[in-house]
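Okay, so here's the structure we're looking at.
The values are calculated or read from the model by the stated rules, or taken from the named source; none is laboratory data. Just so we're clear, the structure is a prediction, and the values are computed from it rather than from any experiment. Counting neighbours? That spans all protein chains shown, and the Cβs are built from the backbone with ideal geometry, glycine included.
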Amino acid sequence: MTAAEPTPTVASTEDPTIGRLVADATRDISTLVQHEIALAKSELKVSATAGGIGVAFFAVAAFLGLLSIIFLSIAGAHFLSMTGLHLAWCYLIVFGVYALLIATLVLLGIKKVKKVRAPERAIHQAQETKLALTKRGTAA
């Protein structure tokens with residue numbers, strides 16, 4: 001035999017057993033499922049964060065809306081009790097500023113909530129894995 005020729009291997013010591021193949025397949029499937037779960041978690045985290053920010057914008061808008069109603073009530077009272085309207089108009093201007101701020105926050109909240117979506121990549125990957133496993137199971 002020359003040095004360039006490969007040495008023959010003994011089949012019984014190097015070939016994997018059925019038990020070893022099953023263990024390897026089980027480990028690989030377990031790893032695949034764990035990675036799919038991690039992918040779904042990461043996608044849901046991004047989506048939930050966007051949804052949470054949108055809900056926070058709605059909460060701030062609701063609080064400012066309550067403040068606006070208080071200012072509008074005070075302005076109405078000043079309209080009725082005062083002979084000059086200058087202070088009441090000032091309160092109405094403040095109310096108008098709050099109304100614009102509320103509208104801006106609601107629009108920002110809607111924009112953030114619309115970004116909430118299902119974990120599409122994880123769902124697609126899980127469907128592919130299911131299909132591959134069912135094909136493998138029916139082929140055996």
* **Inter-residue pairs, beta-carbon under 8 Å, first closer than 14 Å to F63 by Cα and in region 96-119, second buried (at least 17 other Cβ atoms within 10 Å of the Cβ) and at pLDDT below 85, 6+ apart** => Y98/F71
* Asked: Taking the condition at pLDDT 85 or above, among the polar types (S, T, N, Q) and loosely packed, with under 12 Cβ neighbours inside 10 Å, does T26 pass?
  -> yes
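Could you check, for region 5-15, whether at least one of its residues is among the charged types (D, E, K, R) and modelled with pLDDT of 85 or more? Lay out the reasoning, then the answer.
Initial filter on region 5-15 (among the charged types (D, E, K, R)): 5, 14-15.
Imposing the further condition that a residue be modelled with pLDDT of 85 or more reduces the set to none.
Checking region 5-15: not a single residue is among the charged types (D, E, K, R) and modelled with pLDDT of 85 or more.
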* Give the residue that is modelled with the highest pLDDT, with candidates limited to residues of region 49-104 that are of a type in the set (S, T, Y) and either over 30 Å from P119 (Cβ atoms) or touching a Pro at 6+ places or on another chain (Cβ under 8 Å) (or both). => T104
